[in-house]
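Asks: Mind looking over this structure? Questions follow.
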Amino acid sequence: MTDENKNDSIVSTSSSSLIRVGNSISITNKLLYGEIEELFNNAFCLLNGIKNSNLNYLFLIESNPNHRKTTGYPYRAEKNDDYIEAIKLFTHIIDKKNNHALSYEMRGIANLRLENYVTSIEDYSKAIRINPNNENAYYNRGIVKDKLKDYNGVIEDYSIAIEINPQYANAYNNRGVTKHYLKDYIGAIEDYSIAIEINPQYANAYNNRGSAKKELKDYLGAIEDYSKVIEINPQYANAYNNRGSAKEDLKDYVGAIDDYSKAIEINPENEDAYKNRGSAKHELKNYKGAIKDFSKAINIDPNDENSFIYRGIAEINLKEYNSAIEDFSKAINIDPNDENSFFYRGIAKKALKDYYGAIEDYSKAIEINPEYEDAYKNRGFAKKEIGDQNGATEDMLKYENLKNNK
């Protein structure tokens, strides 16, 4: 189980000392910004949760195109009401100066934070019409389109941002993540690699490239990339988790457990690391240890049906069939359309000689997934136990047919 990381921050990261600009600015700047200056600075502070600042953000941003990238503003207000108030102020600016691209862009950010995605896209699009070379507006609009699952639009916007600025590492990374989601793993690797070439310390890009390599079953290449992430940032918990998953694919279960344990040490609430470590322990037939890890994962997220399924399977291996049935039933309550919960509950019921109950569960698994070959096989065995030879034969024939037509 691996993850990919978009850089969804609205501006590029990295820190830089701010150039301090007092409240009084030159007569020339007054003529340039006039009455919108105070409105903009107030709105910008609300948008970023900034208090008691004497900086003139409008001047800083509009006089230095690189200021936002080098400063790395969070664009996170203290509360939603602040986004709403900021939108009102930016709208007031636009009413006074309807070609002020920066205010459209800032309003787009506030609408994004409020999940007003369509309105946010409209704002970015207006900013782009005013300034077609605004790479940030294209990049940010790509982030919003991703929220709306408009993946072709996402790739288009990141591509234009890259065309404007070929050194835009975040845009390459995010475009790679979108290609990754669309299963274009080779294209994703190409984008991640360019992002890394631009910024050799880009941990997220290494992590993402490792995940794409893993999808292509290049497990050694994936491990190499995850190891590079850890070299850059030894506290990157997901890199340990992801490297453990690649090691598990190579059947290095002991190495995988070491990595999952390190991920848990860094982040004791890492549910995936507990699930994955439980899986590796299960492969080593340490069923009690696996159950302990799956139980921890359940404590962290009691609504993840997979943890109940995994724990139930370990309980079957310990012949704790009633506990297993209870776990599979909990998984079914969470997701009634997961065929595996019904299948494994059928196994536990059959072990308790509840053949009719087992047949019912196998039938439900088949209803959800008519191609579930093992469900036909197991239902056939259960039917044989109750003397339904014709039904058993029919199920076994279906099983063989599915198996041979893979």
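The values are calculated or read from the model by the stated rules, or taken from the named source; none is laboratory data. Remember, it's a predicted structure, so these values are computed and weren't measured experimentally. Counting neighbours? That spans all protein chains shown, and the Cβs are built from the backbone with ideal geometry, glycine included.
Asks: For the stretch 68-84, enumerate the residues that are under 13 Å from ARG113 (Cβ atoms) and crowded, with 17+ Cβ neighbours inside 10 Å. Let's see the steps before the verdict.
Replies: Step one: of the stretch 68-84, the residues under 13 Å from ARG113 (Cβ atoms) are 73-84.
Hits for the stretch 68-84 are TYR73, TYR75, ALA77, ASP82, TYR83.
Asks: Considering only residues that are in contact with an Asp or Glu (Cβ under 7 Å, 6 or more places away or on another chain), under 16 Å from ILE309 (Cβ atoms) and crowded, with 24+ Cβ neighbours inside 10 Å, which ones fall in the stretch 280-294? Before you say what the answer is, go through the steps one by one.
Replies: Going through the stretch 280-294, the residues in contact with an Asp or Glu (Cβ under 7 Å, 6 or more places away or on another chain) turn out to be 280-281, 291.
Add one more test, that the residue is under 16 Å from ILE309 (Cβ atoms), and what stays is 281, 291.
Answer for the stretch 280-294, where residues must be in contact with an Asp or Glu (Cβ under 7 Å, 6 or more places away or on another chain), under 16 Å from ILE309 (Cβ atoms) and crowded, with 24+ Cβ neighbours inside 10 Å: just ILE291.
Asks: Restricting attention to the stretch 162-177, which residues are out of contact with any Ser or Thr (no Cβ under 9 Å at 6 or more places or on another chain) and surrounded by fewer than 24 Cβ atoms within 10 Å (Cβ to Cβ)?
Replies: Within the stretch 162-177, ILE162, GLU163, ILE164, ASN165, PRO166, GLN167 qualify.
Asks: Still on this structure, I have one more. Suppose we filter GLU248, GLU190 for residues that are touching a residue at least 24 places away in the same chain (Cβ under 8 Å), part of a helix (DSSP H, G or I) and among the acidic types (Asp, Glu); which single one remains? Give the steps one after another, and end with the answer.
Replies: On the way: GLU190 fails: touching a residue at least 24 places away in the same chain (Cβ under 8 Å).
After ruling out the rest, the residue left standing is GLU248.
Asks: Just wondering, is there one or more residues in the stretch 145-168 that are within 20 Å of ALA86 (Cβ to Cβ) and either in contact (Cβ under 8 Å) with a residue 12 or more places away in the chain or over 21 Å from the mean Cα position of the chain (by Cα) (or both)? Let's see the steps before the verdict.
Replies: As a first pass, look at the stretch 145-168 and keep what is within 20 Å of ALA86 (Cβ to Cβ): 147.
When the remaining residues are screened for being either in contact (Cβ under 8 Å) with a residue 12 or more places away in the chain or over 21 Å from the mean Cα position of the chain (by Cα) (or both), the result is 147.
Yes - at least one qualifying residue is present in the stretch 145-168.
Each row is one residue, and each column tells you yes or no for (1) within 23 Å of GLU163 (Cβ to Cβ); (2) of a type in the set (Gly, Ala, Ser).
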site	(1), (2)
ASN54	no, no
LEU58	no, no
ASN66	yes, no
TYR75	no, no
LYS88	no, no
GLU105	yes, no
ASN116	no, no
ALA127	yes, yes
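Asks: Being in a helix (DSSP H, G or I), at pLDDT 95 or above, in contact with an Asp or Glu (Cβ under 8 Å, 6 or more places away or on another chain) and hydrophobic (A, V, I, L, M, F, W, C), is that true of even one residue in the stretch 269-279?
Replies: no
Asks: Could you say whether any residue in the stretch 116-137 is surrounded by fewer than 23 Cβ atoms within 10 Å (Cβ to Cβ), of a type in the set (Lys, Arg) and within 19 Å of CYS45 (Cα to Cα)?
Replies: There is no residue in the stretch 116-137 that is surrounded by fewer than 23 Cβ atoms within 10 Å (Cβ to Cβ), of a type in the set (Lys, Arg) and within 19 Å of CYS45 (Cα to Cα).
Asks: For the stretch 365-406, how many residues meet the condition of being in contact with a Phe, Trp or Tyr (Cβ under 6 Å, 6 or more places away or on another chain) and loosely packed, with under 14 Cβ neighbours inside 10 Å?
Replies: The number of residues fulfilling the criteria is 1.
Asks: Looking only at the stretch 218-255, which residues are closer than 17 Å to HIS282 by Cα, more than 20 Å from the chain's Cα centre (by Cα) and of a type in the set (A, V, I, L, M)? Explain how you work it out, then say what you get.
Replies: Applying the first criterion (closer than 17 Å to HIS282 by Cα) to the stretch 218-255 yields 241, 244-255.
When the remaining residues are screened for being more than 20 Å from the chain's Cα centre (by Cα), the result is 247-255.
Correct list: LEU250, VAL254.
Asks: I need the full set of residues from the stretch 246-261 which are in contact with a helix residue (DSSP H, G or I) (Cβ under 6 Å, 6 or more places away or on another chain) and either among the hydroxyl-bearing types (Ser, Thr, Tyr) or surrounded by 19 or more Cβ atoms within 10 Å (Cβ to Cβ) (or both), in order please.
Replies: Initial filter on the stretch 246-261 (in contact with a helix residue (DSSP H, G or I) (Cβ under 6 Å, 6 or more places away or on another chain)): 246-250, 253, 255-257, 259-260.
Result: ALA246, LYS247, GLU248, TYR253, ALA256, ILE257, ASP259, TYR260.
Asks: Taking the options SER211, SER193, name whichever one is at pLDDT 95 or above, in contact with a Ser or Thr (Cβ under 6 Å, 6 or more places away or on another chain) and over 17 Å from TYR151 (Cβ atoms).
Replies: Details: SER193 fails: in contact with a Ser or Thr (Cβ under 6 Å, 6 or more places away or on another chain).
Within the list SER211, SER193, the selection yields SER211.
Asks: Of the residues ASN303, ASN337, which single one is more than 20 Å from ILE366 (Cβ to Cβ) and either in contact with a Ser or Thr (Cβ under 7 Å, 6 or more places away or on another chain) or not hydrophobic (A, V, I, L, M, F, W, C) (or both)?
Replies: Values: ASN337 fails: more than 20 Å from ILE366 (Cβ to Cβ).
Sole residue among the options that is more than 20 Å from ILE366 (Cβ to Cβ) and either in contact with a Ser or Thr (Cβ under 7 Å, 6 or more places away or on another chain) or not hydrophobic (A, V, I, L, M, F, W, C) (or both): ASN303.
Asks: With respect to LEU112, determine if the residue is surrounded by 19 or more Cβ atoms within 10 Å (Cβ to Cβ), part of a helix (DSSP H, G or I) and within 24 Å of the chain's Cα centre (by Cα).
Replies: Values: surrounded by 19 or more Cβ atoms within 10 Å (Cβ to Cβ): yes; part of a helix (DSSP H, G or I): yes; within 24 Å of the chain's Cα centre (by Cα): yes.
So LEU112 fits the description; yes.
This table checks each residue for (1) without any contact (Cβ under 8 Å) to a residue 24 or more places away in the chain; (2) farther than 25 Å from ASN286 by Cα; (3) of a type in the set (A, V, I, L, M); (4) out of contact with any helix residue (DSSP H, G or I) (no Cβ under 6 Å at 6 or more places or on another chain).
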| position | (1), (2), (3), (4) |
| --- | --- |
| ASP301 | no, no, no, no |
| ASN317 | no, no, no, no |
| LYS330 | no, no, no, no |
| ARG345 | no, no, no, no |
| TYR372 | no, yes, no, no |
| GLU394 | yes, yes, no, yes |
| TYR399 | no, yes, no, no |
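Asks: Just checking, which of ALA188, ALA161 is small (Gly, Ala, Ser) and closer than 23 Å to MET106 by Cα? Outline the logic, then answer.
Replies: On the way: ALA188 fails: closer than 23 Å to MET106 by Cα.
ALA161 is the lone residue from the list that is small (Gly, Ala, Ser) and closer than 23 Å to MET106 by Cα.
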